[in-house]
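Engineer: Sharing a structure, written as structure tokens. Questions coming.
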RNA sequence: GGGUUGGUAGCUCAGCGGUAGAGCAGCGGCCUUUUAAGCCGUUGGUCCAGGGUUCAAAUCCCUGCCGACCCA
């Protein structure tokens, strides 16, 4: 960045002026012994721990000042909060008071003074002396509107933290969440370990790895995609309860839910099974919610523009419907039966109209309208020029609606358990599993409109998987353990004794996302080898022989879980984007 | 990859064919209990880049670059 900017020049001039007066604008240290936090000083005064006229020393960044001529009000901020400093010319002396003209927003100063309350009731500190601690050469972001440019917020997160208090709050809470998790597992007798991030054979999940190279060893390594295989080696080694919180790296696309590096907790408990781990997940999440958020009910912020957005949607839909109403025209009628189109329009219109009157949760309304519009959209012929306008209208309606569909209340008091097959049948029809594979494929692609989600080469179980992923999972807002997954879907777990077509696995879904999978871990080395060989698809170099050798030494039966920490934070902290719970999310380099 | 949308002062944004704008920040004044302090004055721009249309382009069109959201 160029320094021709005049604001920066002015600050440099002030810096020089300070130096000319023999003041070091970048102090080596502040005596921390006597220092009180800014917000802490306020709180202590409020609680009576600091009385009127009590002496305090504080240090912080100047976030605002109100110059009254012979006196000034300065807001100082540190991580504990904000406090107002009252500086009088008379109290400080002319020379010291004059230094304020060399100070700017964002500079750091230390203040010694006494507690008092102003005429308007604000807890403040009357300055007796102050010290320049550090000069800022660049101006801070806007004091009212904060920093809005998403890219700058992520690239220069420090500015985001300075300008937006709720962002700071989010990350302070994330830290507490992780601390709470650690405490939980330590209290249960778990050992925290650290395992290699650079691995010769990245295993434990099906994902594309990142590749790196070791010069001295002259070989390639991969960044790990899961923690699993090393933690299981430790079970073999007799660490009966282990956990690790660490970064995984997956070389895949980026989205609202995906960052290439993300934080994962994995925990394994010998002599436990997936039931044990369900209890573990439920307990740890409840504990976090209670201790960090103070409630088992998580409310995701409702957006203010709800009514406005729904109005836009109605408008867009009204402009789009003529296309359907005149469905006698070949553009739409040639592809679909007229009565189906009309039924769809009626359903959509009903959903949109209902939004007008209903007193339901805005999120519920938004979701229903969203679904209806999506369904309508899927009826539009792809190649028709006439369909172009309605398509655009509906798509813009969808994007208007999108932010609303995530408003919700999550109640962590009750944790539902449901079988995978039952959930699929709810969405795909009670007879789903009695159909032939080709009938299933037809129903999924045509009736359920999943054609875009089901590739031609999909196996039968993958068709069912798509139904689950697209139709079931997003609706699982309240905590739900999905159990009895088909064995084809999860090759590395043990079969369920009561239904050998399924495995002892759960997926814990909250907030419409999979938050934590759990397993009765496979400890049969022969079965494990067979499963891994199949997964490797004949590429022997992908087989982690060392891990299989470990299993052959005997691994106790064990339950295991993984918890996606980032997604857990999204759920608990009401954030819609993974980038808002990761301090420095991955962006394209500048 | 497709759709939608955005890029204008340090920050947040308005302007959408006819002299480049506001608030905040900055600078100069006034003001000893203000708090989005106030009042008076004032500095600051490659309107993302390049091409085109036009008497005239920040504005309309095309191409590109960089974002955001949604879909895949």
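Engineer: Could you compute the FRET efficiency for residue A:165 and residue A:460, with r as their C-beta to C-beta distance and R0 at 51 Å, rounded to 0.05? Spell out each step's value before the answer.
Structural biologist: On the way: r = 52 Å, r/R0 = 1.02.
With a Förster radius of 51 Å, E is 0.50.
Engineer: If you stretched the chain out fully between residue A:411 and residue A:7, how much longer would it get, using 0.36 nm times the residue separation minus the C-alpha to C-alpha distance? Please report the intermediate quantities before stating the final value.
Structural biologist: Working: separation 404, 0.36 × 404 = 145.44 nm, distance 4.98 nm.
Additional length available on full extension: 140.5 nm.
Engineer: Report the label-to-label distance for residue A:51 and residue A:120 in nanometres (one decimal), using points 7 Å from each Cα along the Cα→Cβ vector.
Structural biologist: Reported label-point gap for residue A:51 and residue A:120 is 2.9 nm.
Engineer: Going by average Cβ neighbours within 10 Å, how do the peptides A:440-451, A:210-221, A:80-91, A:141-152 rank, with the highest at the top? Write out the running numbers ahead of the final one.
Structural biologist: Working: A:440-451: 16.5, A:210-221: 10.4, A:80-91: 18.1, A:141-152: 12.6.
So the peptides A:440-451, A:210-221, A:80-91, A:141-152, ranked by packing, come out A:80-91, A:440-451, A:141-152, A:210-221.
Engineer: May I pose another question? So for the pair residue A:252, residue A:546, with labels modelled 7 Å out along Cα→Cβ, what separation do we get in nm?
Structural biologist: Result for the modelled spin labels: 2.6 nm.
Engineer: If R0 is 41 Å, what FRET efficiency do you get for residue A:151 and residue A:16 from their C-beta distance, rounded to 0.05? Numbers along the way, then the final one.
Structural biologist: Values: r = 33 Å, r/R0 = 0.81.
About 0.80, to the nearest 0.05.
Engineer: Find how much the distance from residue A:217 to residue A:475 grows on full extension, using 0.36 nm per residue of separation minus their present alpha carbon separation; answer in nm with one decimal. Don't skip to the end; give the middle numbers.
Structural biologist: Details: separation 258, 0.36 × 258 = 92.88 nm, distance 4.92 nm.
So the chain would gain 88.0 nm between residue A:217 and residue A:475.
Engineer: Another question, if that's okay. Please find the FRET efficiency linking residue A:436 to residue A:187, where r is the Cβ-Cβ separation and R0 is fixed at 60 Å, and quote it to the nearest 0.05. Before the final figure, lay out the partial values.
Structural biologist: On the way: r = 52 Å, r/R0 = 0.86.
After rounding, the FRET efficiency stands at 0.70.
Engineer: Roughly speaking, what is the centre-to-centre gap between segment A:78-92 and segment A:250-288 when only Cα atoms are used, to the nearest Å?
Structural biologist: For segment A:78-92 versus segment A:250-288, the Cα centre distance is 45 Å.
Engineer: While we're on this one: Report the extension gain between residue A:499 and residue A:89 in nm, rounded to one decimal, defined as 0.36 nm multiplied by the number of residues separating them, less their alpha carbon distance.
Structural biologist: Taking residue A:499 through residue A:89 to full extension adds about 139.4 nm, to one decimal.
Engineer: Label points 7 Å out from Cα along the Cβ direction at residue A:535 and residue A:295: separation in nm?
Structural biologist: 4.0 nm
Read the figures in this text as sums done on the coordinates, not as results from a lab. A quick note: this is a predicted structure, and the numbers were derived from the prediction, not measured. Here the Cβ is made from the backbone with ideal geometry for all residues, glycine too, and neighbour counts use every protein chain on show.
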